[in-house]
1. Within the stretch 156-169, which residues are buried (at least 22 other Cβ atoms within 10 Å of the Cβ) and either outside the structural domain of F252 (by TED's automatic domain parsing) or closer than 29 Å to N117 by Cα (or both)?
2. What are the pairs, 6+ residues apart or on separate chains, where a residue within the stretch 234-252 that is outside the structural domain of C329 (by TED's automatic domain parsing) has its Cβ under 6 Å from a residue that is modelled with pLDDT of 95 or more?
3. Identify all residues within the stretch 139-155 that are over 12 Å from A191 (Cα atoms) and surrounded by 16 or more Cβ atoms within 10 Å (Cβ to Cβ); write none if there are none.
4. Grab the helices (runs of 4 or more DSSP H) fully contained in the stretch 75-130, keeping just those with 2 or more residues being at pLDDT 90 or above and within 29 Å of L304 (Cα to Cα).
5. Out of all the residues in the stretch 348-369, is one or more closer than 20 Å to L236 by Cβ, out of contact with any Phe, Trp or Tyr (no Cβ under 8 Å at 6 or more places or on another chain) and modelled with pLDDT under 80?
6. Of these, F86, F90, F66, which one is without any contact (Cβ under 8 Å) to a residue 12 or more places away in the chain, assigned by TED's automatic domain parsing to the domain that holds W133 and among the aromatic types (F, W, Y)?
Amino acid sequence: MAEGPPKDIQIRVNSRRGSNVVHPVEVETTPVSLSLGPIVYREIKHFKKWFPWLIPLFVIANVVLFIITMYVNDCPENSDSCVADFLGRFSFQPMKENPLLGPSSHTLQKMGALDVNKVVHGDQGWRLITCNWLHAGVFHILANMLSLLVIGIRLEQEFGFVKVGLLYLVSGFGGSLLSALFIQSNISVGASGALFGLLGGMLSELITNWTIYASKLAAFITLVVIIVINLAVGILPHVDNFAHIGGFLSGFLLGFVFLIRPQFGWVRQRYAPPGHTSGSVKHKFKMYQCILWVISLILLIVGLTLGLILLLRGVDANDHCSWCHYLSCVPTSRWSCKTEPAYCLSNQIGNQLNITCSNNNRTSTYLIPDASSSRIQGLCTQLCS
């Protein structure tokens, strides 16, 4: 029998979004004429543009890890047929096994995909983080990385690499946590939980900095429509919408903490030219901003802590919510939401390898001497597909 059954891949996919959806109104440094001197200009540095380097670095890291994953996968060694054979060990698994042009589920599991059983019973909690840096195929990583560049660079320019970097990482962890609580039979990979966190941060940033936006309602509606459309994509099979939702909620709460801007009166007062008087503004932030900051921080800490405790105790959230599975996949006449991991029985007799798929009872014989466990699992996945 094969050492470990391969599992279906739950990928985290999000479609490409339009750039620069919402823009805060820049503080204009208007000239001030003084009676005893020339016109004076002062730069308001609080709203300076940052040079974006972290988001491109994240993109490079994701691409490099995908290349390493394909090298480890080594399709010619572990499968009878590969797509794009001319790439050698970088060739892709058969389309029937992985239509996204990528590695096998066994390789993703080896590289750090989210596997709830290994997290809970194997003390491998690091998978909640590493799964955000892995992708199931070329199409998967292209969609996510293009979206990351479009959304992330704009946010990093506005708020800097520290805030956006933490927003990305914490949102990715929150997405993995919710995914692990609801999807426990399949592995999960992808960066779209973190990407949805950036979208959630954009929405909360719009809300908390509401007074400084021009065309507030139009910006709000545009952003909400984009979020709803992307969440709607998550009801398709094999897409991990729980990672999307968990990432979005984490980013939304964290946006109230990290992406807050001081009120204009305080900024003008702080950077006013010498001799210039304006109305006195004592507080840097408005009351509603402070309230949202405190509530969001508490909810985020409590939510992540409670979710982690429940996961490590082996709780299956589906047992307490009979309808929640519809948030990730809605069955229709065109597709089914049932995804069963492939289980096989294998028997090696000399150079002859016999494999029987337990899911559909198909049997096949291969002339492979001393087949490795990864080779057997790859053949099992193809046989059960």
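1. Kept after step one, since they are buried (at least 22 other Cβ atoms within 10 Å of the Cβ), are these residues of the stretch 156-169: 156, 164, 167-168.
Once the filter is applied, which keeps residues that are buried (at least 22 other Cβ atoms within 10 Å of the Cβ) and either outside the structural domain of F252 (by TED's automatic domain parsing) or closer than 29 Å to N117 by Cα (or both), the stretch 156-169 yields L167, Y168.
2. none
3. First, pick out the residues of the stretch 139-155 that are over 12 Å from A191 (Cα atoms): 139, 149-155.
Passing the criteria: L149, V150, I151, G152, I153, R154, L155.
4. On the way: elements: 75-78, 105-111, 116-121, 127-130.
Ranges flagged: 105-111, 116-121, 127-130.
5. Residues of the stretch 348-369 closer than 20 Å to L236 by Cβ: none.
Checked the stretch 348-369: no residue is closer than 20 Å to L236 by Cβ, out of contact with any Phe, Trp or Tyr (no Cβ under 8 Å at 6 or more places or on another chain) and modelled with pLDDT under 80.
6. Details: F90 fails: without any contact (Cβ under 8 Å) to a residue 12 or more places away in the chain; F66 fails: without any contact (Cβ under 8 Å) to a residue 12 or more places away in the chain.
Answer to the check: F86.
The values are calculated or read from the model by the stated rules, or taken from the named source; none is laboratory data. All figures in this text were calculated on a predicted structure; none of them were measured in a lab. Note: ideal-geometry Cβ built from the backbone for every residue, glycine included; neighbour counts use all protein chains shown.
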